[in-house]
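Note sheet for the following structure.
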Amino acid sequence: MRTDTGQVFRLEDYRPSDYIIPQTSLTFRLHPDATSVLAELTVARRHGASKNAPLILSGDGLVLKRIELDGLPLAASAYQASPDQLIIPAPPSAETFRLTLETELSPSTNSALMGLFRTNGVYCTQCEAEGFRRITYFLDRPDILSVYTVRVEAPKNAAPLLLSNGNRQETGDLADGWHYAVWHDPFPKPSYLFALVAGDLGVVTDSFVTASGRKVDLGVYVEHGKERFATYAMDALKRSMRWDEEAFGREYDLDIFNIVAVSDFNMGAMENKGLNIFNDKYVLADDETATDADFANIEAIIAHEYFHNWTGNRITCRDWFQLCLKEGLTVFRDHEFSADQRSRPVKRIAEVRTLRAHQFPEDQGPLAHPVRPRRYREINNFYTATVYEKGSEVVRMIRTILGAEMFRAGMDLYFERHDGEAATVEDFVKVFEDVSGRDLQQFALWYNQAGTPNLTVSTSHDAAKREFVIEIEQSVPPTPSESRKRLMHIPLAFGLVGSDGKDIAHGGADDAAVENGVIHVKKRRHVVRFSGIAERPALSLNRGFSAPVTLSVEQRGEDQFFLARHDSDPFSRWQSYNTLLTEALIAAFRDGLGGKQPRFPERLVELAGIIAADEELEHAFRALALSLPGEADIAREIGKNIDPDVIFVSREALAAAVAQSNEHVLRKLYGSLEFTGRFSPDAASAGRRALRNMLLDYLAILPGGADLASRHFADATNMTDRAAALAILTHRHGETEQAKDALAAFEERYRADPLVMDKWLTIQATAPGAATLEKVRALTEYPGFTMTNPNRVRALIGTFATANQTAFNRADGAGYDFFARAVLEIEGRNPQLAARLATALRSWRSLEPERQGKAREALLLISGTENLSADLRDIVERTLA
Ligand code: TRP
Ligand code: ZN
């Protein structure tokens with residue numbers, strides 16, 4: 001494990017390296033604990049670099065076995081090698097020379113899952129961000145593009161399959177039952193995109209003919225016997241390939257595209273050129289084992305990694321500060337893909353819920369950073385919701401400002417101008433300035449300034465003057481190390497909704513900031529006047545969530561109800577109802593703190609029944625509208641002095657009120673949505689299931705609820721319904737025999753399938769109430785659980801800390817203490833996983849004082865531990881700062 005050196009990397013310190021490595025040839029002789037890696041690097045002095053410049057290559061825990069320059073052994077005095085660095089103080093004066101390095105690795109003891117490691121007997125690599133330096137000494141930075149030739153040798157029986165990037169050039173047999181394969185990737189790429197997989201795996205094959213008629217061989221590699229679980233992933237891959245041609249004019253560029261699913265993986269998946277490697281959770285699926293959410297995730301992540309081929313691989317990042325250049329843009333592209341494959345409004349609502357749940361708390365807490373950070377200690381900690389999700393929102397805003405056509409022209413120019421380069425955020429913004437002639441400099445602040453802007457909005461109408469006025473004021477709250485904020489360019493899509501529910505034409509705005517249904521907020525304060533407006537309209541603002549901001553709108557209460565029913569923008573319709581629910585829950589929380597019983601407006605409760613039964617609305621939309629703001633959402637909106645127990649009680653009271661007042665409607669609808677046909681994971685079928693399961697969640701509160709949920713569980717013919725019923729039983733009726741029986745039946749049936757058992761662990765870890773802590777502690781001893789597998793850890797400990805407000809935030813602090821100790825245990829093996837888990841404590845300052853004190857103790861327990869990894873120390877110290 002690499003402990004913290006305290007080194008800080010800064011954007012302003014970027015400078016090109018003195019040397020480049022145009023060609024890299026690697027030979028791997030695979031062995032579980034003595035793999036030999038021979039690297040033959042063609043090194044060239046960069047144009048203009050000093051002849052005296054030393055060559056400094058990065059390593060991480062390396063053992064150097066051999067070093068040669070231009071084929072001759074290098075004298076010990078001519079270089080300095082440590083596990084973390086190789087320095088050649090005086091390289092040859094020739095412009096180009098050949099450096100040969102041999103290192104020895106132990107993949108089987110590599111538990112950090114970075115570099116070359118073993119998972120389920122398969123050799124596998126992960127090099128982003130800085131894992132390549134755990135394989136050989138290299139200029140391991142994304143602006144060093146090299147053409148790779150890779151030879152892999154292994155025993156034929158242990159590893160019949162030998163994969164790397166690019167196209168397969170040669171295969172053959174060797175002595176002693178060994179064999180080899182040579183792979184060549186003609187596209188120069190940064191080292192973080194290098195990959196190797198070797199082992200014994202099953203495969204699903206197919207092919208794809210590109211728009212220009214080239215045939216590409218496709219393979220999805222999975223454990224033997226799991227092939228039939230890979231067909232959905234293959235289908236999603238082919239749809240992604242077609243979509244990128246149609247939506248962005250991007251064609252695939254190699255003869256082969258492979259995907260490999262592995263069971264130990266730190267994140268979702270990795271876009272290695274021509275050889276994407278996936279967490280098996282995001283590949284394997286069928287109706288017996290995967291929920292609709294799993295299918296949607298698989299589709300999105302397969303697309304995401306595939307889309308990186310252009311946004312990330314063909315055009316990569318100059319340095320890691322530019323991470324959003326590939327991640328934000330690629331998330332935007334996968335969002336658009338899913339929107340096209342499914343329901344666009346439903347997809348948008350889901351995206352916004354995710355952004356608010358993950359990015360807003362990051363932006364509003366101690367880990368806040370700009371979409372393009374300016375400094376980091378550990379880059380692994382910047383694969384964040386801000387870089388990914390807010391990064392995607394920034395791209396979406398560019399499209400809103402330019403319009404779809406101009407946006408596409410800008411993207412075309414980006415691909416044309418920067419193909420084969422390591423680019424920057426400035427390069428990206430510039431193509432849109434160039435195609436549109438607009439100045440996007442103020443807009444570019446979205447990349448450089450952290451924090452979620454807030455807009456205070458009020459409206460007034462003068463019937464005599466037939467004038468409607470909107471006043472908007474912007475502010476950006478301070479974030480760590482950025483106390484003074486500059487004014488942002490915020491594109492707000494809007495509509496003025498008349499009493500017939502139709503948008504009023506508003507040609508008559510007097511403020512130049514209004515353009516094509518968008519108010520461009522650029523100043524601190526805007527007053528926008530609309531003339532010729534006879535009747536007071538309802539203001540529908542930030543339609544489609546055109547900007548990632550918070551709004552404080554002073555508005556008539558009836559407007560919000562009206563918009564919840566009549567806004568022509570479905571997102572805003574959902575938003576209006578969700579805002580009403582959130583406001584009611586905050587009021588109930590305040591009542592609860594004062595010891596009063598929560599009470600909810602009748603209109604609000606009735607509206608739930610009306611929305612549920614509105615056949616004009618998609619099933620999935622209705623399910624989302626009926627899903628109450630989560631406990632964490634409510635806590636975030638309240639902002640400080642949080643008592644999670646009071647939030648829980650308030651939310652339960654609203655759920656009960658909705659169920660009781662609308663029992664008849666909900667029951668009838670529940671019955672009518674029963675479906676006995678063949679399973680299909682398509683969006684419409686998934687929406688139907690989502691609504692029915694949402695209805696069950698309400699009905700389960702009423703008398704007979706446990707029986708109903710138990711029947712739903714027994715009758716389920718797919719995992720979506722089965723898991724939903726099990727969660728409802730466990731969370732609402734955990735003490736009943738029905739719940740215990742269902743948990744036992746589920747375990748009995750799926751014991752042998754770890755990915756399905758993850759759901760079983762999560763359902764139990766997220767049961768509300770203090771007692772769940774002991775349950776989770778006991779489950780860490782469950783034979784199917786192991787601290788060494790990231791999916792298991794996230795399913796049990798991760799969800800406990802992020803999705804169980806009442807148990808994790810137990811008033812006695814026992815939840816935090818358990819969690820801190822688990823993080824420390826995991827850190828010894830896998831620092832990256834531990835650091836990511838630890839971010840669950842980031843909102844500790846918004847808790848009430850007692851809990852705040854306990855959470856702080858847990859953070860201090862971690863920070864006081866000696867020899868912490870750079871990953872974990874960085875997170876805890878920023879969280880405590
Ligand atoms: N680039 C990957 C993606 O977004 C994510 C990633 C970064 C990753 N670092 C990783 C995946 C480490 C696994 C392990 O698609
Ligand atoms: Zn990505």
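Please specify each residue of region 488-516 satisfying the condition of being assigned to a loop (DSSP other than H, G, I, E, B) and within 24 Å of Asn454 (Cα to Cα).
Keep residues of region 488-516 that are assigned to a loop (DSSP other than H, G, I, E, B), which gives 488-489, 498-502, 504-508, 510-513, 516.
Hits for region 488-516 are Met488, His489, Asp510, Asp511, Ala512, Ala513, Asn516.
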Note: among Val476, Val435, Val429, Val469, just one is over 26 Å from the mean Cα position of the chain (by Cα), more than 16 Å from ligand 2 (Cβ to nearest atom) and surrounded by 19 or more Cβ atoms within 10 Å (Cβ to Cβ), namely Val435
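Return yes when Ala181 is away from ligand 1 (no atom under 16 Å from the Cβ), in contact with a Gly (Cβ under 9 Å, 6 or more places away or on another chain), outside any strand (DSSP E or B) and aliphatic (A, V, I, L, M) and no when it is not. Walk me through it before giving the result.
Values: away from ligand 1 (no atom under 16 Å from the Cβ): yes; in contact with a Gly (Cβ under 9 Å, 6 or more places away or on another chain): yes; outside any strand (DSSP E or B): no; aliphatic (A, V, I, L, M): yes.
For Ala181, the condition - away from ligand 1 (no atom under 16 Å from the Cβ), in contact with a Gly (Cβ under 9 Å, 6 or more places away or on another chain), outside any strand (DSSP E or B) and aliphatic (A, V, I, L, M) - is not met.
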Taking region 319-348 and keeping only residues that are surrounded by 24 or more Cβ atoms within 10 Å (Cβ to Cβ), out of contact with any Asp or Glu (no Cβ under 7 Å at 6 or more places or on another chain) and over 30 Å from Asp140 (Cβ atoms), one is left with Phe337
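Across region 161-172, which residue is surrounded by the fewest Cβ atoms within 10 Å (Cβ to Cβ) among those that are without any contact (Cβ under 8 Å) to a residue 60 or more places away in the chain and more than 21 Å from Val122 (Cβ to Cβ)? Steps first, answer last, please.
Narrowing region 161-172 to residues without any contact (Cβ under 8 Å) to a residue 60 or more places away in the chain: 162, 169-172.
Retained after the next criterion (residues that are more than 21 Å from Val122 (Cβ to Cβ)): 169-170, 172.
Working: Gln169: 12, Glu170: 10, Gly172: 8.
It comes out as Gly172.
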Within region 356-375, residues surrounded by fewer than 21 Cβ atoms within 10 Å (Cβ to Cβ) and within 16 Å of ligand 2 (Cβ to nearest atom) come out as His358
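Does region 333-342 contain any residue that is touching a helix residue (DSSP H, G or I) at 6+ places or on another chain (Cβ under 7 Å), among the basic types (Lys, Arg) and either free of Cβ contacts under 8 Å to residues at least 40 places away in the same chain or within 16 Å of ligand 2 (Cβ to nearest atom) (or both)? Talk me through it step by step, then tell me what you get.
Going through region 333-342, the residues touching a helix residue (DSSP H, G or I) at 6+ places or on another chain (Cβ under 7 Å) turn out to be 333-342.
With the extra rule that they be among the basic types (Lys, Arg), the set shrinks to 333, 342.
Restricting the remaining residues to those that are either free of Cβ contacts under 8 Å to residues at least 40 places away in the same chain or within 16 Å of ligand 2 (Cβ to nearest atom) (or both) gives 333.
So far as region 333-342 goes, yes, one or more of its residues are touching a helix residue (DSSP H, G or I) at 6+ places or on another chain (Cβ under 7 Å), among the basic types (Lys, Arg) and either free of Cβ contacts under 8 Å to residues at least 40 places away in the same chain or within 16 Å of ligand 2 (Cβ to nearest atom) (or both).
Considering only residues that are within 10 Å of ligand 2 (Cβ to nearest atom) and either over 26 Å from Ala623 (Cα atoms) or in contact with a Cys (Cβ under 7 Å, 6 or more places away or on another chain) (or both), which ones fall in region 265-303?
Looking only at region 265-303, we keep the residues that are within 10 Å of ligand 2 (Cβ to nearest atom), and these are 267-271, 301.
Listed by number, the residues that qualify are Met267, Gly268, Ala269, Met270, Glu271.
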Checklist entry - Condition test on Asn313, is it surrounded by fewer than 24 Cβ atoms within 10 Å (Cβ to Cβ), over 16 Å from the mean Cα position of the chain (by Cα) and within 14 Å of ligand 2 (Cβ to nearest atom)? => result yes
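Scan region 297-345 for residues that are in a helix (DSSP H, G or I) and among the aromatic types (Phe, Trp, Tyr) and jot them down. Before the answer, list the steps.
In the first step, residues of region 297-345 are kept if they are in a helix (DSSP H, G or I); the result is 297-307, 320-341, 344-345.
Scanning region 297-345 gives Tyr306, Phe307, Trp320, Phe321, Phe332, Phe337.
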Residues of region 662-677 being farther than 20 Å from Ala714 by Cβ and of a type outside the set (S, T, N, Q), in sequence order, are Glu663, His664, Val665, Leu666, Lys668, Leu669
**Asked** farther than 24 Å from Arg15 by Cα, in contact (Cβ under 8 Å) with a residue 12 or more places away in the chain and assigned to a strand (DSSP E or B), is that true of Leu116?
**Response** yes
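Tell me the residue from Ser263, Ser240 that is within 15 Å of ligand 1 (Cβ to nearest atom), crowded, with 23+ Cβ neighbours inside 10 Å and of a type in the set (Ser, Thr, Tyr), please.
The unique qualifying residue is Ser240.
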So, first residue farther than 16 Å from Ala350 by Cα in region 293-304, second residue part of a helix (DSSP H, G or I) and within 11 Å of ligand 1 (Cβ to nearest atom), Cβ within less than 8 Å, six or more apart or across chains; the pairs are Ile302/Tyr282; Ala303/Asp334; His304/Thr330; His304/Val331; His304/Asp334
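Conditions tested, residue by residue: (1) surrounded by 17 or more Cβ atoms within 10 Å (Cβ to Cβ); (2) in contact with a Cys (Cβ under 7 Å, 6 or more places away or on another chain); (3) closer than 30 Å to Ala811 by Cβ; (4) hydroxyl-bearing (Ser, Thr, Tyr).
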{"residue": "Leu696", "(1), (2), (3), (4)": "yes, no, no, no"}
{"residue": "Pro703", "(1), (2), (3), (4)": "no, no, no, no"}
{"residue": "His712", "(1), (2), (3), (4)": "yes, no, no, no"}
{"residue": "Ala716", "(1), (2), (3), (4)": "yes, no, no, no"}
{"residue": "Thr736", "(1), (2), (3), (4)": "yes, no, yes, yes"}
{"residue": "Tyr750", "(1), (2), (3), (4)": "yes, no, no, yes"}
{"residue": "Asp758", "(1), (2), (3), (4)": "yes, no, yes, no"}
{"residue": "Val793", "(1), (2), (3), (4)": "yes, no, yes, no"}
Q) Residue check: is Asp235 free of Cβ contacts under 8 Å to residues at least 24 places away in the same chain and more than 21 Å from the chain's Cα centre (by Cα)? A) yes
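To keep it simple, each residue is scored yes or no on (1) within 27 Å of Phe468 (Cα to Cα); (2) touching a Leu at 6+ places or on another chain (Cβ under 7 Å); (3) at pLDDT below 95; (4) of a type in the set (Val, Ile, Thr).
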| residue | (1), (2), (3), (4) |
| --- | --- |
| Leu563 | yes, no, no, no |
| Asp569 | yes, no, no, no |
| Leu581 | no, yes, no, no |
| Phe621 | no, no, no, no |
| Asp633 | no, no, no, no |
Counting only residues that are crowded, with 20+ Cβ neighbours inside 10 Å, of a type in the set (A, V, I, L, M) and not in a helix (DSSP H, G or I), region 761-779 contains a total of 1
Answer yes if at least one residue in region 273-287 is surrounded by 23 or more Cβ atoms within 10 Å (Cβ to Cβ) and away from ligand 1 (no atom under 16 Å from the Cβ), and no otherwise. yes
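Among Arg66, Arg118, Arg45, which is among the basic types (Lys, Arg), surrounded by 19 or more Cβ atoms within 10 Å (Cβ to Cβ) and more than 16 Å from ligand 1 (Cβ to nearest atom)? Outline the logic, then answer.
Values: Arg66 fails: surrounded by 19 or more Cβ atoms within 10 Å (Cβ to Cβ); Arg118 fails: more than 16 Å from ligand 1 (Cβ to nearest atom).
Checking each option against the conditions leaves just Arg45.
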Just one listed residue, out of Ala706, Ala690, Ala653, is of a type outside the set (Lys, Arg), under 20 Å from Ala584 (Cα atoms) and assigned to a helix (DSSP H, G or I), and it is Ala653
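Can we say Asp286 is among the acidic types (Asp, Glu) and touching a helix residue (DSSP H, G or I) at 6+ places or on another chain (Cβ under 6 Å)? Step through it out loud before you land on a result.
Numbers: among the acidic types (Asp, Glu): yes; touching a helix residue (DSSP H, G or I) at 6+ places or on another chain (Cβ under 6 Å): yes.
Yes: the conditions hold for Asp286.
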When region 243-260 is checked residue by residue, the ones that are without any contact (Cβ under 8 Å) to a residue 60 or more places away in the chain and within 13 Å of ligand 1 (Cβ to nearest atom) are Ile259
Of (1) surrounded by 17 or more Cβ atoms within 10 Å (Cβ to Cβ); (2) hydroxyl-bearing (Ser, Thr, Tyr); (3) in a loop (DSSP other than H, G, I, E, B), Thr100 fails just (3)
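Counting just the residues of region 444-466 that are outside any helix (DSSP H, G or I) and among the hydrophobic types (A, V, I, L, M, F, W, C), which one comes out surrounded by the fewest Cβ atoms within 10 Å (Cβ to Cβ)? Walk me through it before giving the result.
Within region 444-466, the first condition is being outside any helix (DSSP H, G or I), and the residues that meet it are 444, 449-466.
Imposing the further condition that a residue be among the hydrophobic types (A, V, I, L, M, F, W, C) reduces the set to 444, 450, 455, 457, 463-464.
Details: Ala444: 20, Ala450: 24, Leu455: 22, Val457: 22, Ala463: 11, Ala464: 5.
Selected residue: Ala464.
Select from region 738-748 the residues that are within 31 Å of the chain's Cα centre (by Cα) and surrounded by fewer than 20 Cβ atoms within 10 Å (Cβ to Cβ) and write down the one among them that is farthest from Gly784 (Cα to Cα). Before you say what the answer is, go through the steps one by one.
Quick first cut of region 738-748, residues within 31 Å of the chain's Cα centre (by Cα) only: 743, 746-747.
Next, only the ones that are surrounded by fewer than 20 Cβ atoms within 10 Å (Cβ to Cβ) stay: 743, 747.
Values: Leu743: 15, Glu747: 10 Å.
Among those that are within 31 Å of the chain's Cα centre (by Cα) and surrounded by fewer than 20 Cβ atoms within 10 Å (Cβ to Cβ), it is Leu743.
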Per the list (1) touching a residue at least 60 places away in the same chain (Cβ under 8 Å); (2) closer than 18 Å to Trp574 by Cβ, residue check on Thr354 breaks on (1)
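The values are calculated or read from the model by the stated rules, or taken from the named source; none is laboratory data. Because the structure is predicted, anything quoted here is derived from the model rather than measured. FYI the Cβ positions are ideal-geometry reconstructions off the backbone, even for glycines, and counts take in every protein chain you see.
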